DNA sequence: ACGCTGACTATGGCGAACGCAAGTCAGATG
DNA sequence: CATCTGACTTGCGTTCGCCATAGTCAGCGT
């Protein structure tokens, strides 16, 4: 009951996962606090102290993580000004950051299913335009659900040059 | 461009994310090495030294992480015996571990899109029963794709008692 | 000019994660 | 019985992530 390694990959000793995108992604989102800051960004958090407080981390750590996240391009630091206030900076999601949504929701769904206590999932997700429930799915281009044992893994065809 | 917080959640200060399933999931999968061990399990890795070597971590760390992962029920430690060999233990995916597939694939997809170098994604995923390409999607029960700004977040209706 | 507030920066300390190197232990093999 | 191998364990030192406290700095309001 695992994925099916095809082609060159069939010989497990002939390749290493050193270019693995999962590993690279984990280098960027290495820490709990980074990921939780992204969660707050999804929920609409923007201001420095608000983000730090909601995630429950010290300001020093928040500053460090936000610096990393902006350096990696997941958030951008934008100046803004409320009337009668001095100019400040807010942290807003970039496209790159927004593309993490499936990761966040997949993790949430897994936690809901396997880690939530007696009270079940704390949050419910809804598609606001149609009211349907929202889920993360592994699907193929012919609209099948793909379970692990039907998942084939290949070396990508090298795009020429 | 964020999720839409509905109901009680609309007042951001009236709730905390302390029961957040994302945070709980990150407590279990807190470290890079835990997650990469799960990746290897998806690829079919089972034996201790094989897992440690492929992930690129020391045996001491592998032992510690595998102990955590089995304690949390993501892997189970099963005895097995190859002919002419002594009995050993292998680490196999449980249902709980297998359910992490969407998380792993979502992370891989994100890395492929945003972190892969010139050479693009290193691996290609295929549905072996139909040949279609595989992707992770955020979808609603009426089969719409759900982008972030159409995602409504509510307090879950408490299942009675 | 002075204070206030939001957004940080600096310092010190702790525990967790890790690598490396060495040691243990069980059981099949010779 | 001695050896060998896979599966760990132990010990040590380093780095990393984090907290707590205190300090800085910019500019709006008075």
- Note on the structure: Being within 12 Å of DNA strand D (Cβ to nearest atom) and under 18 Å from the mean Cα position of the chain (by Cα) narrows B:53, B:65 down to just B:65
- Query: From the set of residues in region A:76-87 that are assigned to a strand (DSSP E or B) and under 12 Å from residue A:47 (Cβ atoms), which is nearest to DNA strand C (Cβ to nearest atom)?
  - Reply: A:77
- Message: Being surrounded by 19 or more Cβ atoms within 10 Å (Cβ to Cβ) and over 22 Å from residue A:13 (Cα atoms) is the filter here; which residues of region B:74-91 pass it?
- Response: B:74, B:75
- Message: So for region B:56-66 (the condition being more than 13 Å from chain A (Cβ to nearest Cβ), at pLDDT 95 or above and touching a strand residue (DSSP E or B) at 6+ places or on another chain (Cβ under 8 Å)), does at least one residue qualify?
- Response: yes
- Criterion violated by residue B:154 - all others in (1) at the interface with chain A (Cβ under 7 Å from one of its Cβ atoms); (2) touching a strand residue (DSSP E or B) at 6+ places or on another chain (Cβ under 6 Å); (3) over 17 Å from residue A:112 (Cα atoms) satisfied: (3)
- Query: Of all residues in region A:1-30, which are surrounded by 16 or more Cβ atoms within 10 Å (Cβ to Cβ) and over 24 Å from the mean Cα position of the chain (by Cα)?
  - Reply: A:4, A:5, A:9, A:15
- The residue that is nearest to the other protein chains (Cβ to nearest Cβ), considering only those in region B:85-97 that are without any contact (Cβ under 8 Å) to a residue 40 or more places away in the chain and away from DNA strand D (no atom under 12 Å from the Cβ), is B:96
- Message: I'd like to verify a number: residues in region B:24-51 that are under 15 Å from residue B:72 (Cβ atoms) and in a helix (DSSP H, G or I), how many?
- Response: 11
- Counting only strands (runs of 3 or more DSSP E) entirely within region B:97-161, those with at least 1 residues that are modelled with pLDDT of 95 or more and closer than 18 Å to residue A:110 by Cα are B:134-140, B:151-155
- Those residues of region A:31-73 which are surrounded by 16 or more Cβ atoms within 10 Å (Cβ to Cβ), within 14 Å of DNA strand C (Cβ to nearest atom) and under 30 Å from residue B:40 (Cα atoms) amount to A:31, A:32, A:33, A:37, A:65, A:68, A:69
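The values are calculated or read from the model by the stated rules, or taken from the named source; none is laboratory data. Bear in mind the structure is a predicted one, so any value in this text is a computation, not a measurement. Quick reminder, even Gly has a Cβ in these numbers, built from the backbone with ideal geometry, and neighbours come from all protein chains shown.
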